[in-house]
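The next block holds one structure in the form of structure tokens; read it before the comments.
The values are calculated or read from the model by the stated rules, or taken from the named source; none is laboratory data. Small disclaimer: the values here were computed from a predicted structure and weren't measured. Note that each Cβ is placed from the backbone with ideal geometry, even for glycine, and that neighbours are counted across all protein chains shown. What goes into the accessible areas is simple: the full protein's heavy atoms, side chains included, and nothing from ligands, DNA or RNA. Shrake-Rupley method; radii C 1.70, N 1.55, O 1.52, S 1.80 Å.
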Amino acid sequence: MAQRPATAREVHLLRRPGARMAADDLGIATVAVPPLQPGQFLVRNRLIALDPVRRVFFADGTAPLNAALFGFAIGTVTESRHPDFPEGAIVAHHGGFRDWAISTGANARLIPPTDDPLEWHADALGVGGFFAYVGLFEIGQLRPGETVFVSSAAGSVGSLVTQMARITGCRVIASAGSEAKCAWLREVAGADAAINYRDGEIAGQLSAAAPDGIDLFFDNVGGQQLDAALGVMAKGGRVVIAGMVSAYDALEPLSERHGGWTKQMLTSQVSLRSFDAFEHTRLWPKFQRAVGGWLRSGAISAQIHVLDGIEAVPDAFVDLLAGVRQGKTLVRVG
């Protein structure tokens, strides 16, 4: 086991971000590691997952200034006073954004010994993959043969949704912000059409790609792409609101800038629904079997970028919001 540390390094929010987040809004602090209390265990984090939705908490006051941030992480238990989390166990938990974390076991789970890459458990077999699976199959009620539109389809959740929809036998339209990402969506993820939302007006591109309408829209972006999709939804279409990344950093409001979709909504019985994946934990074993099988067979691939060192977090988070990388961004620590 690793020697017990006297101090830990953690990421702090130093100031509330403006309209655009900057790397120096975040900083690295050194703090003491206190002795464990009964019911606690100490984790040496190995992987920290970066998720764009954290940006919302930075702005609205949920995340306090000059204090530790929290996020998803995977690490090794090095000391324990908790009967369910023994020393040596690999655990997924929400004490990320630091190299050492103390947990009570709340919102933590053991990762059983496996030959699967540990990175899968921070992405496709973790919270992100579960979010994609629940949103697509439980909330969206996806059916074979439907036309599906996925925004931010080259991102961590969107790339998995695109592949899951294709495996289910759907026609998939995917959007992304570069030609390279669109090429990956067509050639690797298997999308039937890929739209570069930076290349012309999104509403026209989407109408051309979905002449018979969209049955299911898995929305990670909001803003203009949501407006455009609402104008071409098929009768009885469903919109799964999974994220609003266009508003996280650019503060872009939802509006009817494309016009005309109010009547479409009223006459086509389109439904919009947001969700909390953690209210559907009964599906976790089914999700693990399905997605684990797809990953191991090569039916889907996890797009993962790993950066080294906790000091990489501030720049990596800004890059994440800007869409610099494709797929999931992880930071390796310890």
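Here are the numbers for the structure shown:
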quantity: Elements of type strands (runs of 3 or more DSSP E) contained in region 40-114, each with 3 or more residues being more than 21 Å from Ile304 (Cα to Cα) and either more than 21 Å from the chain's Cα centre (by Cα) or modelled with pLDDT of 90 or more (or both); calculated: 41-50, 73-80, 100-103
quantity: Residue match in region 224-244 (condition: part of a helix (DSSP H, G or I) and surrounded by fewer than 19 Cβ atoms within 10 Å (Cβ to Cβ)); calculated: no
quantity: Selection from region 71-108 of residues that are among the basic types (Lys, Arg) and exposed (fewer than 15 other Cβ atoms within 10 Å of the Cβ); calculated: Arg81
quantity: Pair list, Cβ < 6 Å and 6+ apart or interchain, from region 156-176 residues that are without any contact (Cβ under 8 Å) to a residue 24 or more places away in the chain to residues that are in a helix (DSSP H, G or I) and charged (D, E, K, R); calculated: none
quantity: Residue list for region 191-214, filter: open to solvent by less than 40 Å² (accessible area, probe 1.4 Å) and either outside any helix (DSSP H, G or I) or touching a strand residue (DSSP E or B) at 6+ places or on another chain (Cβ under 6 Å) (or both); calculated: Ala191, Ala193, Ala194, Ile195, Asn196, Ala209, Ala210, Gly213, Ile214
quantity: Residue match in region 127-143 (condition: surrounded by 19 or more Cβ atoms within 10 Å (Cβ to Cβ), touching a residue at least 40 places away in the same chain (Cβ under 8 Å) and not in a helix (DSSP H, G or I)); calculated: yes
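Residues checked against (1) part of a loop (DSSP other than H, G, I, E, B); (2) farther than 24 Å from Gly135 by Cβ:
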| residue | (1), (2) |
| --- | --- |
| Lys286 | no, no |
| Val291 | no, no |
| Ala302 | yes, no |
| His305 | no, no |
| Val313 | no, yes |
| Val318 | no, yes |
| Leu321 | no, no |
